[in-house]
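This report refers to the structure that appears directly beneath it.
Derivation of every value follows stated rules applied to the coordinates shown; laboratory data play no part. Here the structure is a predicted model, which is why all the values come from computation and not from measurement. FYI the Cβ positions are ideal-geometry reconstructions off the backbone, even for glycines, and counts take in every protein chain you see.
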Amino acid sequence: MRRRFGVPCAPMDATRSDEDLMLAYARGDALAFDALYARTRSLLYRFILRSVPDRAVADELFQETWGRAIDARARYRVEAKFSTWLLQIAHNLIVDHLRRTRPQADAAEAERVFAQLDAPEHERPEAALSEFEQRRRLQLALAVLPDEQRIAFVLRMESGLGLEDIARLTGTGHETVKSRLRYAFASIRQRLAE
C-alpha cells in the first residue's frame, strides 16, 4: 500500500466505484479524490454551464460545489450514486443563484434572436444551419425554458440521469419530473422547428 502525506493510500484503479473513492477520500486518501475529480469534473461543469450560461458564474458555482463536497466528505453516505449527490449540491447552488439574480433572461430578447435565425432562406447566406448554429439555437431554446424545466432537461440529456434520480435530486415527485421533461422537450422541439 502506498503512502501519501503519511496516510495509507490504496492503488487507484478503474474498478473502484465513485462511491468507494469518495469513502476512501473521507478516510484521508487524497489520491481517491484526484481520481474522483478526474472522473466527474466534466459532467459537473457541463451541468452547471447548461443551467447557468454565464461562464464566470458557472466557474464560481463549479468551485463552490467542489468546496461543499470536500467540506461534507466526513458526512458522505452512499444513499445514491456519487454523481447524483454531487449534482444535488450543484443544483441547490444553482437554484440559490437563480433566486438571487431573477429575472434571469429576457424572453423578448431571445425571441428577437430566434427571429433573426429564422429569416427566410433566400435572406440567409447558407441554406442549411451549421452545427454551430444548431447548438446556439438549442442554447437559446434552453435559455427561455422555466428554470425547473431547463434543469430537468439538462439532468436527463447532459448527465444521463433517470427520472427517479432527477426526482430525488430536485426534491420533486416522479410525475412532476415527467411533466417538466415533457414540456421542455415540446418547447425545444417547437423552437427548433420554427
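Loop-only chymotrypsin sites (Phe, Trp or Tyr not before Pro) in region 25-66, please: DSSP not H, G, I, E or B, and at most 13 other Cβ atoms within 10 Å.
Within region 25-66, no chymotrypsin sites (Phe, Trp or Tyr not before Pro) qualify (loop, at most 13 other Cβ atoms within 10 Å).
Arrange the following residues from fewest to most other Cβ atoms within 10 Å of their Cβ: Asp147, Asp54.
Asp54, Asp147
For a quick check: sort Met22, Met157 by the number of other beta carbons within 10 angstrom, fewest at the front.
The order, fewest Cβ neighbours first, is Met157, Met22.
What FRET efficiency comes out for the pair Tyr45/Ala186, r = Cβ-Cβ distance, R0 = 22 Å, nearest 0.05?
FRET efficiency, Tyr45 to Ala186: 0.20.
Under the 0.36 nm per residue contour assumption, what length would be gained going from the current alpha-carbon distance of Glu164 and Glu60 to full extension?
34.6 nm
To make sure I understand, if each residue's beta carbon is the centre and we count other beta carbons within 10 Å, what order do Thr172, Thr101, Thr15 fall in, fewest to most?
Fewest-to-most ranking of Thr172, Thr101, Thr15: Thr15, Thr101, Thr172.
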